[in-house]
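Okay, structure first, notes after.
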Amino acid sequence: MPESVIKKEAHMYPGINAFVEFVADSVSRHMQKHGNNGKARRIVPFGKTDVKPDGADDRTRIDHMLTCCAKDGPVDQPHYAKALCLVEAKYSQKDQTDAYEQLVRYSRNIYANQPHRRFLWGLTVCGTLVRACLLSNDKIYASETVDVASPEGRGRFVGLLVNWSLCEIPRLGYDSTMGCNDAGDKWSIEVFDGDARNTYSNLAQVFPAYSLRGRHTRCFVGTIEADGDEKQVLIKDCWSHFVNEDADSPHADEEGTNSLRDEVTFLREILTKLSAERSLDGKYPRLEMGGVVRVAGRGAAVAAGRNAAVVEDTTTAAMSDLALAKPVPLRKHMRIVMSPVGEPLQTVNSPDELIVAMFDAMEAHTEIVRRCRILHRDISINNILVRRTDGVVGGMLIDFDNAIRVDSNHTAARPDMTGTLPYMSISNLMANDVKRTALDDWESCIYILCWLATMGVNEGDEKLHKKSKRLSVDEWRDGDTETIAGWKRGHMETTGAFKSNILDQFIGNPRYRPLKDLAESLHEGLFFNDKASPLCEGCYVNERGLKKLHKGM
């Protein structure tokens with residue numbers, strides 16, 4: 001952006017700050033006059049503008065942020081953990097689209113720093129035109145344009161700031177079922193399971209949400225007492241797609257039935273059917289409790305006469321007061337308590353430990369498919385954990401949020417939502433009409449092994465690979481799904497192509513030789529195994545099978 005434009009935008013900051021502070025002071029005086037001092041929050045700007053806020057994981061500078069302040073006086077240095085609302089200023093009224101894009105870019109740091117944030121607010125100020133934006137999991141909802149150069153426009157903007165000062169906490173996008181200590185590093189969380197409710201305290205966040213879009217998965221770890229002993233549990237908090245039983249409902253998605261994407265139901269069924277098999281202990285998550293979060297009802301829920309104490313926390317309920325032209329995509333706010341607690345896959349100490357962890361996870365996968373008829377569909381580095389018990393390493397398969405019933409006649413209508421791009425099967429990436437099977441998940445297993453054998457199984461081993469050029473596995477994460485599918489087919493279609501494109505780029509250290517042997521064996525067994533699939537000879541697509549796969553492209 002030209003320096004002259006930046007200077008012009010900087011000239012807008014004092015005016016925006018002064019207007020917001022004037023409203024905050026007016027609300028405070030009004031509340032004091034009527035004996036309601038302390039019942040209104042002060043919505044004020046941070047003192048510094050066009051700076052990098054604290055809590056950022058990048059060098060991005062932002063125009064403005066508003067925060068809730070408990071007392072009079074300036075709040076100087078911006079911090080993402082304390083941000084109520086993002087403000088993006090543009091000198092020209094023609095730059096509205098750029099303002100939206102920057103709001104989205106900045107939002108990820110707020111979600112990462114605020115574990116209790118359900119949705120975000122943003123303001124775009126383009127010249128004298130102001131829009132209020134609500135940033136949700138799937139969409140951004142923007143208000144009509146308000147021209148603050150007119151008395152009517154200023155009145156509407158004042159009304160928004162006053163409402164933020166006086167409204168209930170959930171309307172600001174915060175979760176009323178969570179709380180934290182003064183330091184902001186320990187959390188208490190309510191978890192629901194039918195009519196049961198437990199509060200788990202002194203929890204540490206170990207996995208934050210890093211994106212505006214999607215499930216906003218967060219994970220917390222804490223210790224509970226069980227049978228006189230202490231044990232660690234993991235609490236997963238996420239916004240999951242649920243499907244309305246009515247396929248014609250505006251909230252129904254491509255799955256077609258409610259049972260397909262209910263992780264709690266799947267985990268409960270897995271525990272029931274596998275708990276007697278002691279050799280599988282710790283290789284899959286053991287469900288302690290879980291269900292849909294329940295919050296105090298308001299707005300349309302109260303008007304409909306529903307009990308305010310037992311309203312399910314959903315995206316539709318959270319935005320029930322907004323007059324939206326289209327239905328809000330239905331997501332339900334889920335919390336799941338599980339044990340045992342594992343560590344990221346790349347905490348393994350060696351390639352041998354990686355093989356053990358992968359073996360345990362895929363053993364659990366095999367038994368879950370065989371006994372429970374549940375297909376995972378998202379085998380990735382993030383969804384296989386390492387366990388260490390008395391010095392013995394093991395692996396655990398987690399995250400059944402994308403799982404489906406094996407017997408469901410399902411293909412991936414939204415392939416980017418049913419896996420993690422570098423590890424997705426070719427068939428899944430192509431979004432064809434071939435039914436997904438366990439072979440797709442085993443194909444993902446190959447891609448994990450190849451990725452880590454090329455890049456290093458842990459942070460310490462990353463330096464073993466002297467990367468002087470773009471690697472073949474880099475092509476598995478860049479571009480659209482069809483492009484990535486094309487690269488993978490080229491890399492996998494023959495033994496020679498697999499060797500020259502993938503195996504020859506493995507780290508050359510002798511400790512990595514077992515990974516190369518395993519990858520070769522899996523590639524041969526999956527891509528050239530006519531016993532697995534006579535049509536396609538396993539995962540390999542021959543000329544006859546290619547015609548069938550191309551039908552879905």
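Worth a mention:
- Long-range amide H partners of Ile374 with built H, under 5 Å: Val369, Val406
- Extending 7 Å from the Cα toward the beta-carbon at both Asp407 and Ser26 defines two label points whose distance is 6.5 nm.
- The alpha carbon centroids of segment 330-401 and segment 113-163 are separated by 42 Å.
- Charge tally in the Cβ shell below 13 Å around Leu324, where Lys, Arg are +1 and Asp, Glu are -1, Leu324 excluded: -1
- Amide H contacts under 5 Å for Gly395, placed H, 5+ residues apart: Asp360, Ala361, Arg387
- Cα gyration tensor category, rounded, prolate or oblate, for segment 335-474 with a/c compared to 1.5: oblate
- Taking amide H as placed 1.01 Å from N in the peptide plane, the amide H of Cys180 sits under 5 Å from that of Ser188, each at least 5 places away or on another chain.
- Whole-Hz couplings from phi, Karplus 6.51/-1.76/1.60, listed for segment 198-211; x for Gly and Pro: 10, 10, 9, 10, 6, 9, 10, 6, 10, 9, x, 7, 10, 9
- Nearest-10 value in Å² for the accessible area of Trp187, using the 1.4 Å probe: 10
- Taking only the C-alpha atoms of segment 312-370, Rg followed by Dmax gives 20.2, 57 Å.
- Percentage relative contact order, segment 330-414, counting C-alpha pairs under 8 Å, at least six apart: 32
- Leu330, Leu518, Leu354, reordered so the largest accessible area comes first (probe 1.4 Å): Leu518, Leu330, Leu354
- Here the Karplus relation 6.51 cos²θ - 1.76 cosθ + 1.60, evaluated at θ = phi - 60°, turns the backbone of segment 127-136 into coupling constants of x, 9, 9, 10, 10, 8, 10, 10, 9, 10 Hz, with x for every Gly and Pro.
- The mean sequence distance of close C-alpha pairs (under 8 Å, at least 6 residues apart), as a share of the length of segment 120-226, puts its relative contact order at 17 percent.
- The ellipsoid equivalent to the alpha-carbon distribution of segment 1-145 has semi-axes of 25, 18, 16 angstrom, derived from the gyration tensor eigenvalues as √(5λ) and listed largest first.
The values are calculated or read from the model by the stated rules, or taken from the named source; none is laboratory data. Computed from a predicted structure; not experimentally measured. Because the Cβ atoms are built from the backbone with ideal geometry, glycine has one as well, and the counts that use them run over all protein chains shown. These accessible areas exclude ligands, DNA and RNA; they are computed on the full protein's heavy atoms, side chains included. Shrake-Rupley method; radii C 1.70, N 1.55, O 1.52, S 1.80 Å.
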